[in-house]
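The values are calculated or read from the model by the stated rules, or taken from the named source; none is laboratory data. Treat the numbers as computed from the prediction; the structure is a model and nothing was measured. Every residue, glycine among them, receives a Cβ derived from its backbone with ideal geometry; neighbour counts consider all protein chains shown. What goes into the accessible areas is simple: the full protein's heavy atoms, side chains included, and nothing from ligands, DNA or RNA. Shrake-Rupley method; radii C 1.70, N 1.55, O 1.52, S 1.80 Å.
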Amino acid sequence: MRVVRRFGVSLLMIWMVMTITFFMIRLMPGNPIMDAYLSLLQQGVPSQEAMAQIHVLYDVYPNQSVLTQYVLYVWHLLHGNFGTSIVYAGRPVLPLILASAPWTLMLVSIGITISFFIGLFLGVLIALNRNTWFDNVMSQIASIFHGIPNYVTGFIFLYFFTVMLPWFPFGNIYGNTVTPGLNFPFIASVAYHSVLPIAAYVFGAFGTWTLSTKSAAVAVLGDDFIQADKIRGLTPGQQLDHLIHNSVLPLFTGFVLSLGMMFGGAVFIEETFTIPGLGYLIAQSTSQRDYPVMQGCFLLLSSAVILANFLADMLYSRIDPRIRV
Amino acid sequence: MLRCIDLVKQFRLQRGWSSVAITVLNHVSLSVGPNQVLCIVGESGCGKTTLGKTLAGLLPPTRGQVLVDEESLFDQRQKPVASAALKVQMVHQDPFSALNPVHTVYEELSLPLKYHHLVPARQITEECERLLTLTGLEPNAVLHKYPHELSGGQRQRVVLARALAVRPRYLIADEAVSMVDVSSRLIMLDLFLSIAEKEQIGLVFITHDFGLARYVAVDGTIAVMYLGRIVELGPTETVIHQPQHPYTQILLSSIPPLQAGEGFTVSKLTPKSFDVPSLELLPPGCGFEPRCPLAFGPCRQSPPSLTRLSQDPSHEVACYGTTTASAAS
Amino acid sequence: MNEIALSVRNLTIEFPSESGRIRAVDQVNLNLERGKIMGLIGESGCGKSTVAFALLNSVPSPGIIVEGTIEYTGYGNLLKMTPEEQRLFRWQHVSVVFQASQNTLNPLKRIEDQIRELAQAHRIRDVRVLLERARSLCESLRLDTRRVLNSYPHQLSGGMKQRVGIMLALLLQPEIVLFDEPTTALDSLSQESVLQIIREIHQKDGLTGIFITHDLGIVSEIADTVAVMYAGRIVEISPTARVFSGPLHPYSQALLDALPRLTGDPRAARGLPGSPPKVVGNVSACLFRDRCPRRMPVCDLAAPELKRVDESSMAACFLYSESEEANVHVKMH
């Protein structure tokens, strides 16, 4: 029962975020539809005809009120129509997004998972060796990487491993000699091209996970039951198991949420490595005021985050018996 | 006189879709005069802290009234009336969390003085020093210290000094010495008592310990609380030496004889269960009925009300067993 | 005299701090007789819990045992065992009922699984035997067996968790059980029931134990002898009855005086002014002298050692060692 209600609330939130982004996007300076219309007028096209042309191209009339556009948009959305891109004139939004998503999801989910586990490992290790040289050195390193934006790491990697030492390819996500599909050369090429972007992502993210795991594990180490475990003569392995299980709890929500956030793409990494992913799409469409594409990307991102939140809530009660739905 | 009349306090607990109301205070009426001591004795969860907070104007009651010197503590909209609320101050149990860790003692004490314009600005330091001296602290030694630089006993004294800053007429002390070392508890209590006498302050002392209750309220009153109700009320020595309610008797008989002192006797009753019923599922009759070894028919029907004993009108008990017996005799 | 189950010699524990190495426990000597419960009483910070943890060689960091032996009869000095031997020794031979049992249970595991973990850790092959013993213990602790074993810790009330703590402590049938303020967090009635249970087990199975508390009243209910600690030292060891009728050390007397009674002159009880000192380094005077109503000149000159006063009692006070007092005087002049 509670699950159904929470799900309903999630849907409501998605609708609200969608509405807000719809209007906020249209508050941004610059209006591509008006621009296109005006340039048609300047070319001497009669206003009626220009209006019709615009409508054919973009499915909206330039003189329609924002509210009418909104109602139309929602109506189309309910029919699975995300609209058509303005920049790539006439191309529907959904396939655009679907074409970009796999690259992003592959890169970022691998990146998140690797950085999460590295962070978990290091964080617990640091907590166990609190106030030793290991703690000092590793915490500093984690803080530094926590502070360096991933595009900086990305540029450094690019410079060192494609320019100085040409070990890895630069640009795009697969070589231009392979044919996309389920064939070994293609997969190998994708894997080869992914190494640097994933590494850049991991170096940008593991520090955060390390620091949060450390603080969670330090708190758990202070709990009475860890001390009691030792006194009860539990084996070091059992004690470690209790420590890790209890330390993961506070990170779990963050982990699932970041899986939702990945639908926002890794904008800077994708820009740096020119990977045609979601982040790249969002950046491109935003700078060119491609309303339908932006709207579609933001809708996807917000839905993913909200649903991840919902999922995190539901799953949390599975891993922590104190929270029961 | 600080008194409460027919106080009821309910909390709503969220339970899935709906919420349930639990009654934490159930028709509580009590009073304490200036320079008198009232002890509220009960186990954790009996509502004694809620009662203390309501008496201090920190928690509006659901129904009922709190009167300070005949002035209502809460207005029509259940908002505390500042002038009345200042007359009642509370000293909390935990001196560690009751003080702001980033305020010095001076800041802690001068804040209420400035806020309520109690003394002219240039006399504030002087007044802080007076308050600290009153609570047995050396002003120069503590005035500019932070809480973490003070010992537990010193902190508790600062908390007391802060409560005294607004010159209250009544002090509510909620387990005020439970965090103090056993050997120093009576020193703290002596301090409370001497200040109460010097300043003609009425003291409401909340505790679970009959020994401490007797020490502070020898000439005062004890109210025994169970599940939100006063089950026994009377002069301290009477309640301790002639307890009438089975709950009071069980509490008193659970005190180790060597601790109670030579010659202390109370009929030994064993409760039927050690578990207190949940406030969400109160029995329809007397709250103590499920645990009471002496329960009989009427106890399961409706809760007994606090009734004066015919042989001793100063002693009130909420128990069908004793009131029928006393009426029959 | 009965057989000694545990003998502690010269136990000294220090905690490094900014103001030097604080001596939390200083030259503690005690013998625990088999089949007896010793009350270890003192105020917060006196070192009583640190002693208890030391008996398991689990002094919380950064504390260090700087000196002493902890000799378990039949097993030797705990501090000389290898870490693995120590791990297996704990709980099989000496266990603890903790002050806040609710916090000493892993919140993510059901009680039964925690028992299984214990079995695994202590290489008990037949878990069923252990679970059977847990069930019968639960019964004697008046716990609803099936419900308790299937519950997560948060599903149990405070009193129930405390009884689960006792069950776990008795599970591997240890020779010695340490009770670390097991009733402090409980209501007076739950407290009474827990004490009653411990007393029953003590009488029935001849449980040997140390009962650590700050509450003199509780000690009177449970202990055969009482050791009083002050500022890291044991100042008196006496039979329980004596501690209540006429303790030897002025500090024990002060604790007794601070106990408000239900009979007699209500104002006869009185508190003890002052607070215990923090001990850094070696002690060269009696630590209680500043608060002592019976202070003598000799108290400033040396720290009194715990000495046998008569057949049943020991005290660390110059009131009971006049000859030594004379000795110190001679040395001074």
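Some values worked out for this structure:
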quantity	calculated
Isotropic mean projected area of the C-alpha convex hull, chain C (nm²)	19.0 nm²
Max mean-square fluctuation residue, GNM over chain B, Cα-Cα springs under 10 Å, options B:Pro80, B:Pro235, B:Pro284	B:Pro284
Nearest-0.05 FRET efficiency for B:Asp312 and B:Gln76, computed from C-beta distance (R0 45 Å)	0.70
Accessible area expressed per residue, chain A, with surrounding protein chains retained (probe 1.4 Å, Å²)	50 Å²
Interface residues in the range A:223-242 - accessible area drops by 40 Å² or more relative to the isolated chain, probe 1.4 Å	A:Asp224, A:Phe225, A:Gln227, A:Lys230, A:Ile231, A:Arg232, A:Gly233, A:Leu234, A:Gln238, A:His242
Sequence of A:Tyr159, B:Tyr146 from largest to smallest accessible area, 1.4 Å probe	A:Tyr159, B:Tyr146
Kirkwood hydrodynamic radius (C-alpha pairs) into Stokes-Einstein, the range A:236-325, 10 °C and 1.306 mPa s, D in µm²/s	105 µm²/s
Estimated inter-spin distance, A:Ala283 and A:Tyr88, nm [label 7 Å along Cα→Cβ]	1.7 nm
Under Karplus coefficients 6.51, -1.76 and 1.60, residue-wise ³J(HN,Hα) of the range B:118-132 in Hz, glycine/proline x	7, 9, x, 3, 6, 9, 4, 4, 4, 5, 4, 5, 4, 5, 5
Global geometry of the range C:72-229, whether rounded, prolate or oblate, following the gyration tensor of its Cα atoms and the 1.5 cut on a/c	oblate
C:Leu262 long-range amide H proximity, modeled H, under 5 Å	B:Gly261
Debye equation applied to the C-alpha atoms of the range C:224-313, log10 I(q)/I(0) at 0.15, 0.17 Å⁻¹	-0.63, -0.80
Percent of beta bridges antiparallel (DSSP, chain B, rounded to nearest 5)	60 percent
Principal axis dimensions, the protein assembly as shown - Cα atoms, whole angstrom, descending	116, 71, 67
For the range C:76-205, accessible area per residue (1.4 Å probe, heavy atoms of protein chains only), Å²	40 Å²
Dipole moment magnitude, nearest 20 debye, the protein assembly as shown about Cα centre, only Lys, Arg, Asp, Glu C-beta charged	1440 debye
Global geometry of the range B:113-188, whether rounded, prolate or oblate, following the gyration tensor of its Cα atoms and the 1.5 cut on a/c	oblate
Unit charges on C-beta of K, R, D, E only; dipole of the range A:182-274, Debye	140 debye
Added length on full extension, which subtracts the Cα-Cα distance from 0.36 nm per residue, B:Arg12 to B:Lys268	88.4 nm
Spacing of the two label points (7 Å from each Cα toward its C-beta) at B:Ser278 and B:Ser302, in nm	2.7 nm
Over chain A, volume per residue of the alpha carbon convex hull, in Å³	190 Å³
Environment charge at C:Val127 (Cβ cut-off 13 Å; Lys +1, Arg +1, Asp -1, Glu -1)	+1
Net charge of Cβ neighbours under 14 Å - reference B:Ser314; Lys, Arg +1; Asp, Glu -1	-4
3J(HN,Hα) from dihedral phi, the range A:270-276, Karplus parametrisation 6.51/-1.76/1.60, rounded to Hz, x for glycine, proline	5, 5, 4, 9, 6, 9, x
Given charges at Cβ of Lys, Arg, Asp, Glu: chain A dipole, positive-most of A:Ala200, A:Ala36, A:Phe168	A:Ala200
Carbon and sulfur %, accessible surface of chain B computed with the full protein complex present, 1.4 Å	53 percent
GNM flexibility winner over chain B from B:Leu25, B:Leu13, B:Leu186 (Cα, springs under 10 Å)	B:Leu13
Convex hull volume per residue in cubic angstrom - Cα atoms of the range A:2-78	85 Å³
Calculated FRET value between C:Arg21 and A:Phe170, using beta carbons and R₀ = 60 Å, to 0.05	0.50
Karplus-derived HN-Hα couplings along the range C:219-230 (A = 6.51, B = -1.76, C = 1.60, θ = phi - 60°), whole Hz, x at Gly and Pro	4, 5, 7, 10, 9, 7, 10, 10, 10, 9, 10, 9
Heavy-atom surface of chain B, accessible at 1.4 Å and reported per residue (Å²)	43 Å²
Tensor-based shape of the range C:1-83 (alpha-carbon gyration tensor, a/c under 1.5 rounded, otherwise prolate or oblate)	oblate
Ratio Rg/Rh [Cα only; Rh per Kirkwood] for chain B	0.99
Heavy-atom accessible surface that A and C bury in contact, both chains counted, 1.4 Å, Å² to 100	2100 Å²
Top of B:Gly263, B:Gly42, B:Gly33 by mean-square fluctuation, Gaussian network on chain B, Cα under 10 Å	B:Gly263
Carbon/sulfur fraction of accessible area - the range C:126-179, other protein chains in place, 1.4 Å, %	46 percent
B:Arg157 accessible area, assembled protein chains, probe 1.4 Å, Å²	40 Å²
Length released on extending from B:Arg122 to B:Lys198, taking residue separation times 0.36 nm less the Cα-Cα span	24.8 nm
Helix A:133-147 vs. chain A, principal-axis angle (Cα, 0 to 90°, nearest 10)	10 degrees
Accessible surface buried once C binds B (1.4 Å probe; total of both sides; Å²)	3100 Å²
Built amide H within the under 5 Å cut-off of C:Ala24, gap 5+	C:Ile13, C:Glu14, C:Phe15
